[in-house]
């Protein structure tokens, strides 16, 4: 059961198809690139690195939805998500000359986006602000474990709005890992590379995030019953 | 099994759960789960949450004019003196 639902992770990073967003390019002059292979993406990156503006537009078109969606899920605000997407791609433009292909491009780009998101959260004054802090195991922040509780299990279906609210209320570090793994489908080794943490830490933080969500969702019917 | 022993067994199992889940091992036949309805329920809930998460937050499309804003910001950066990346906003 857990095998199929919770999703096993392969021991090694499995780069997602490079043409991960085969969507029509929004810049009008851009033709839809065949970037379904690593070679095609590598060539595109090389063109960007040599200053090809059209190639950068193609790169944007390929990755804009995933980056925008990640930002939107993390901050829950359209205007902020747009700003963060813009900042991520500006950072990409500034730094792409340093990309050597040691990690997958998608992982590297997500790392830029995550940095932008965490900086934004810092501006908001949230306590979990840096990558290190976000990933620091906090002994007091874990959800309660399930010892001796018999009547509070979920019923097998979850109200979508309640879950979205619960995800939004997670501490930033937990929210980030939950979104990357359970929503976006990245595997632990990829997330560990994005967040510069160990795979074990990543698994532990994801588990705590799910436990927190479980606690939050189980409390929903009780809160509603009290109204 | 006494209640204390049962709780201890649950503690030990749940402490290992992140690693067990992450390993991809099929936990349905795990000895502890076979005899523990509490931990079975916990695992079922975690499965439900993970499954529901996939339906959450459909992939969103940024507005078309975002690219124009990025282009404009890039042009400003390229026109700025070396070492001044501009506001980036």
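The values are calculated or read from the model by the stated rules, or taken from the named source; none is laboratory data. The structure displayed is predicted, hence computed values, not measured ones. Neighbour counts are summed over all protein chains in view; Cβ atoms, including those assigned to glycine, are modelled from backbone coordinates with ideal geometry.
Remarks
- Number of positions in the stretch A:84-110 that are more than 18 Å from residue A:42 (Cα to Cα) and surrounded by fewer than 20 Cβ atoms within 10 Å (Cβ to Cβ): 1
- For beta carbons closer than 9 Å, sequence separation of 6+ or different chains, a first residue in the stretch A:82-106 that is in the same structural domain as residue A:189 (by TED's automatic domain parsing) and a second that is not in a helix (DSSP H, G or I), there are no qualifying pairs.
- You will find that of B:28, B:50, the residue that is surrounded by fewer than 16 Cβ atoms within 10 Å (Cβ to Cβ), free of Cβ contacts under 8 Å to residues at least 40 places away in the same chain, assigned to a helix (DSSP H, G or I) and within 7 Å of chain A (Cβ to nearest Cβ) is B:28 and no other.
- On the stretch given as the stretch A:62-80, residues that are more than 8 Å from chain B (Cβ to nearest Cβ) and surrounded by 14 or more Cβ atoms within 10 Å (Cβ to Cβ) total 10.
- Residue in the stretch B:54-76 that is buried (at least 16 other Cβ atoms within 10 Å of the Cβ), within 7 Å of chain A (Cβ to nearest Cβ) and modelled with pLDDT under 80 present: yes
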